[in-house]
Structure formats: structure tokens, C-alpha cells
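The structure under discussion appears below in the form of C-alpha cells.
The values are calculated or read from the model by the stated rules, or taken from the named source; none is laboratory data. All values derive from a computational prediction rather than experimental measurement. No Cβ is skipped: glycine too gets one built from the backbone with ideal geometry, and neighbour counts run over all protein chains shown.
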Amino acid sequence: MSAEEASETPDGVDIADGIDHQVAMVMDLNKCVGCQTCTIACKNLWTDSGGREYMYWNNVETKPGEGYPRGWEDLGGGWQSDDHTDRQVGEIPDGEDYGEPWEFDYESTLFTGESEHVEPEQDPQWGPNWEEDQGAGEYPNSYHFYLPRICNHCTHPSCVEACPRSAVYKRAEDGIVLVDQDRCRGYRYCVEGCPYKKIYYNAQRKKSEKCLFCYPRVEGEGPDGETHAPACAEQCPTQLRLVGFLDDPKGPIYKLVEEYGVALRLHPEFRTQPNVYYIPPFAPPQHSEDGETIDVERIPRNYLEDLFGEQVHDALDTIERHRTRVENGGESELMEILQDQNPARQYRLDVFDEGEGRAD
């Protein structure tokens with residue numbers, strides 16, 4: 001993309017003041033199988049050292065459910081008004097809401113034979129992925145879906161406003177939200193301020209830490225010197241994540257968010273304007289007690305509206321309309337984008353030149 005093409009933000013795209021371009025991600029919830037490969041990729045790369053045992057910068061939750069940390073949706077944070085002048089006071093999750101790191105007695109199971117199973121040495125009451133596959137509803141119409149979560153790198157991050165030392169900030173070149181470790185004093189106002197509870201406190205280092213959108217990979221600082229999407233995206237077996245810039249009018253992010261309106265923000269009522277978006281989930285229709293298919297949606301629309309706002313109705317209807325068009329032999333750019341497995345189009349990160357804040 002030329003400097004002239006990139007110099008103006010496309011109509012309808014809201015980018016924070018002072019930010020050149022906004023990196024973003026879209027996750028298709030219809031492709032998530034809950035395998036936690038993204039979680040392990042992130043854990044091995046970023047949070048495998050002291051003080052980070054309980055941290056999951058990327059986690060996959062079963063919905064409906066409490067999530068991780070437990071009850072995060074009800075702990076407050078974000079903004080009270082659309083003009084982003086008054087923060088909503090939130091709470092810091094308790095340690096038990098994260099779940100203490102468990103220790104396992106591998107010796108007695110794998111070597112001495114004293115135990116038949118590898119089990120936690122404690123009696124855990126909660127932890128990440130505690131509610132896996134539970135969901136809601138009753139047989140034969142029970143339902144659940146998986147919700148991967150990372151830091152949303154919001155356009156109006158309340159964590160930035162909450163920090164009294166300006167340690168949390170948005171990078172000018174791509175809008176990634178980071179924590180300046182030299183400035184951070186571990187006050188945890190950022191944890192309180194984030195309504196998604198995606199900033200964590202490292203008790204050993206006395207610092208706050210969080211997802212950094214794998215910015216060294218995005219910048220091409222890996223051993224091969226090439227630009228890569230975040231590890232959670234590239235390691236996903238079903239390739240459910242698209243990565244690019246919200247203000248790239250030729251990219252899939254812009255098309256899914258702005259043109260087709262099918263990629264939605266999680267809990268838009270928090271008013272932080274996340275830059276991680278979701279394609280809402282579909283499910284097979286319900287069945288009668290006799291096993292017959294009935295024309296009733298399995299995942300209640302009102303629950304999806306609670307998660308993604310009232311726009312979810314238009315989004316689901318649009319996807320269904322385009323899906324039907326393809327089934328009838330027609331063409332759909334939307335369906336092509338959602339099914340594309342070409343990495344060059346899935347991870348469109350080299351579109352802005354150096355003068356525009358991105359590498360060629």
C-alpha cells in the first residue's frame with residue numbers, strides 16, 4: 001500500500017488519537033474446537049517463568065460459563081460514558097478466582113507405582129478451563145461454544161487511564177497496548193480498570209504484565225527476520241484467527257468489521273472499543289424429545305446479545321444469507337474470507353510502508 005493510500009483512515013474506522021494504524025484480530029468462533037493449542041503456544045513463549053504460573057495471556061473459555069478469572073464479566077471496569085471521560089470503578093479478582101497453580105506428584109505415578117493417576121497434590125476448587133464443555137441447557141438441547149480471549153488492545157483502554165504512572169500505553173505505530181516495566185510499580189490499578197481482566201500482577205517481580213500481541217513477531221525480530229502473526233494465531237490448528245489492521249481497507253479485518261458487520265466486539269457496553277473481534281457462533285437446531293429436528297436455535301440469541309450486543313442479530317442473519325447463497329451455487333466474498341487459508345491473506349501485516357509506521 002502506498003503512503004498516499006495509507007495516509008487517510010477509511011470512513012467509519014475509529015482510531016485513537018496519536019495512533020498511526022490499529023492492529024486488530026478477528027476470531028471465528030465457529031472454528032474453535034477448544035484444544036487450547038493457542039493457550040499453550042502463548043504460555044510457552046511468554047509466561048513460563050516465575051510469578052507467571054497463574055497467568056494465561058491467552059485462554060479459551062467454555063460459554064456459557066464463569067470464564068477466567070472466575071466471574072470476570074461482573075467485576076467492573078471500563079468506562080461509564082461514550083466520551084471516555086469517567087472510568088467505571090472495577091474490582092481486582094481474588095487469588096482463588098484465578099486458581100492457585102497446582103503441584104502434581106508425578107513420582108508416585110510414573111516411577112514408584114504407588115498411585116494409579118497423576119492428580120493435584122491439593123484439592124483444587126477452581127482454575128483455568130474449570131468448566132470445560134459444561135455449557136447450559138438440558139438434554140437433548142444442551143449447548144456450549146468456546147471463546148478464546150487475549151488482551152483486546154482497545155482503542156480507548158481504561159487500563160491506560162487507570163495507571164497513575166503512565167506505565168500502560170498504546171504504541172503510536174500500531175496501537176498495541178504495552179506495560180513499561182521500568183515505570184510500573186505494581187499498583188494494580190490497571191487490573192482493576194480492565195473490564196476484561198486481561199492484565200496480571202507478577203508478585204515476584206512486583207510488576208503488571210499482559211499480552212503484547214507478540215509484537216517482536218509482528219516486527220520481524222524472530223530468528224528468520226520475517227514478519228509473523230502472534231503465536232496464538234499461527235499455531236491454531238483450525239486457523240480461526242485473522243490478523244491485520246483495522247484501517248487497511250483491502251484487508252479482511254476491515255471487510256469483516258466495517259463492510260459486512262459480522263465481526264463483533266465482546267461486551268461493547270464496557271466502552272473500551274476492543275480491537276479483537278468475534279464471528280458469533282452457530283449451532284445445529286434443537287431436537288424434540290423424539291429426536292426430530294425443530295426450527296429453534298440451539299444457542300439463544302439473547303445470550304449472544306448479552307455477549308456481543310444487539311448487532312449480533314444482523315451479523316448472524318448476514319452470515320446465514322451468504323451461506324445460503326453459496327449453497328445455492330452463488331458466490332460470496334464474505335464466505336471466501338471466512339474460509340481462506342492463505343497465510344498471506346490471513347495475516348496481512350506488511351501493508352504500511354516505513355514512513356507510515358510499518359516495515360515494508
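Values as computed for the structure displayed
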| item | result |
| --- | --- |
| Candidates Pro124, Pro140, filtered to the one that is in a loop (DSSP other than H, G, I, E, B), more than 23 Å from the chain's Cα centre (by Cα) and free of Cβ contacts under 8 Å to residues at least 40 places away in the same chain | Pro124 |
| Among the residues listed as Val26, Val33, the single one being surrounded by 19 or more Cβ atoms within 10 Å (Cβ to Cβ) and among the β-branched types (Val, Ile, Thr) | Val26 |
| Some residue of segment 5-24 being outside any loop (DSSP other than H, G, I, E, B) and modelled with pLDDT of 95 or more | yes |
| Check on Val13, closer than 22 Å to Arg265 by Cβ and touching a Leu at 6+ places or on another chain (Cβ under 8 Å) | yes |
| Condition check for Tyr146: within 17 Å of the chain's Cα centre (by Cα) and part of a strand (DSSP E or B) | yes |
| Members of segment 220-255 found to be acidic (Asp, Glu), assigned to a loop (DSSP other than H, G, I, E, B) and either under 17 Å from Val60 (Cβ atoms) or modelled with pLDDT of 95 or more (or both), listed by number | Asp247, Asp248 |
| Residues (in contact (Cβ under 8 Å) with a residue 24 or more places away in the chain and part of a loop (DSSP other than H, G, I, E, B)) located in segment 170-185 | Arg171, Ala172, Glu173, Asp174, Gly175, Ile176, Gln181, Cys184 |
| Residue satisfying all of: in segment 143-164; closer than 24 Å to Trp46 by Cα and not hydrophobic (A, V, I, L, M, F, W, C); surrounded by the most Cβ atoms within 10 Å (Cβ to Cβ) among these | Pro157 |
| Scope segment 211-255; condition without any contact (Cβ under 8 Å) to a residue 60 or more places away in the chain and surrounded by fewer than 18 Cβ atoms within 10 Å (Cβ to Cβ); matching residues | Tyr215, Pro216, Glu221, Gly222, Pro223, Asp224, Gly225, Glu226 |
| Lone unmet requirement of (1) closer than 23 Å to Phe270 by Cα; (2) out of contact with any Gly (no Cβ under 8 Å at 6 or more places or on another chain); (3) of a type outside the set (Asp, Glu) for Ser158 | (2) |
| Answer residue from segment 105-142, given it is among the small types (Gly, Ala, Ser) and under 24 Å from Gly34 (Cα atoms) and is surrounded by the fewest Cβ atoms within 10 Å (Cβ to Cβ) among those | Ser142 |
| Of all residues making up segment 97-112, the number that are closer than 18 Å to Lys198 by Cα, of a type in the set (D, E, K, R) and not in a helix (DSSP H, G or I) | 1 |
| Test: Asn141 is over 25 Å from Val23 (Cβ atoms), at pLDDT 90 or above and touching a Lys or Arg at 6+ places or on another chain (Cβ under 9 Å) | yes |
| Lys206 out of contact with any Lys or Arg (no Cβ under 9 Å at 6 or more places or on another chain) and either over 27 Å from Glu333 (Cβ atoms) or buried (at least 20 other Cβ atoms within 10 Å of the Cβ) (or both) | no |
| Every pair of residues 6+ apart whose Cβ atoms lie under 8 Å, when the first sits in segment 278-303 and is on the phi > 0 side of the Ramachandran plot while the second is part of a loop (DSSP other than H, G, I, E, B) and surrounded by 13 or more Cβ atoms within 10 Å (Cβ to Cβ) | none |
